[in-house]
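Structure in structure tokens, see below.
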Amino acid sequence: MATRTKKKSEILEATRDKRPYAIAKNIRISPYKVRSVLDVIRGKYYPEAVALLNTLNKSSCEPVLKLLKSAAANAENNKGYDVDSLYLSECFADQGPTLKRMMPRAKGRGNRILKRTSHITIKLDTYDKTTNKE
């Protein structure tokens, strides 16, 4: 049944991405709206991204900011990175499950309303300011 499982697990561990990250699932905001905010902060340093999210007037800024702080806390506590040397290496929003609702219309009909959800992922990486290397 399970042949070479130890070798397979070693290969998976060696190729696994070791960057600190955070994932938020089933956020009740459309992924299209979340992506517009993620495009603004992608590639920015952590303090700069936090400042941008605090000043932007979008509804999706609140869960993205919470997720960004969670990823930074993961980097600081689990990996021992300095928070000031972090930058957003990767961030994306995928579509989650869609809630289907009905809106009553004329003559006894009903229209479907799709309430979309998002899965948001933020990955951080360190940037060494002295050598200018990632």
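Where a number appears in this text, it was derived from the coordinates with a stated rule and is not lab data. Nothing here was measured: the structure is a model prediction, and the numbers come from that model. Because the Cβ atoms are built from the backbone with ideal geometry, glycine has one as well, and the counts that use them run over all protein chains shown.
Can you tell me the orientation of helix 31-41 relative to the chain, as the angle in degrees between its alpha-carbon axis and the longest Cα principal axis, to the nearest 10?
It is inclined by approximately 40 degrees.
Still on this structure: Which whole-angstrom value gives the distance between the alpha carbon centres of the range 1-66 and the range 107-126?
16
Out of (1) 13.5, 39; (2) 19.6, 70; (3) 18.4, 65, which label holds the value of Rg and Dmax of the Cα atoms in Å that was computed here?
Recomputing Rg and Dmax of the Cα atoms in Å here gives the entry labelled (2).
Sticking with this one: For a quick check: sort Val40, Val34 by the number of other beta carbons within 10 angstrom, fewest at the front. Don't skip to the end; give the middle numbers.
Details: Val40 15, Val34 26.
In increasing order of surrounding Cβ atoms, one gets Val40, Val34.
Give me the lysines in straight-line cross-link reach of Lys18: C-alpha distance below 26 Å, same-chain residues under 8 apart excluded.
Lys6, Lys7, Lys8, Lys44, Lys66, Lys69, Lys79, Lys123, Lys129, Lys133
Continuing with this model, one more query. Rank the residues Asp94, Asp84 as a footprinting-exposure proxy: fewest other Cβ atoms within 10 Å of their Cβ go first.
Fewest to most other Cβ atoms nearby, the residues stand as Asp84, Asp94.
Now for a separate question. On a 0 to 90° scale, report how tilted helix 5-15 is relative to the longest principal axis of the chain, with both axes built from alpha carbons and the result rounded to the nearest 10.
The helix 5-15 is inclined about 90 degrees to the chain.
On to the next question. Looking at the range 1-99, which trypsin sites (Lys or Arg not before Pro) are DSSP coil and have at most 10 other C-beta atoms within 10 Å of their C-beta?
Qualifying residues, ordered by number: Arg4, Arg16, Lys18.
Given charges of +1 on the Cβ of Lys and Arg and -1 on the Cβ of Asp and Glu, with all other atoms neutral, how large is the dipole of the chain about its Cα centre, in debye to the nearest 20? All intermediate terms of the calculation are to be shown ahead of the outcome.
Numbers: 28 positive and 14 negative charges, 273 e Å.
Result for the chain is approximately 1300 debye, rounded to the nearest 20.
Here is a further query. If I fit a long axis through the Cα atoms of helix 46-55 and take the longest principal axis of the Cα atoms of the chain, what angle between them do I get, 0 to 90°, rounded to 10?
In the chain, helix 46-55 runs at an angle near 20 degrees to the longest axis.
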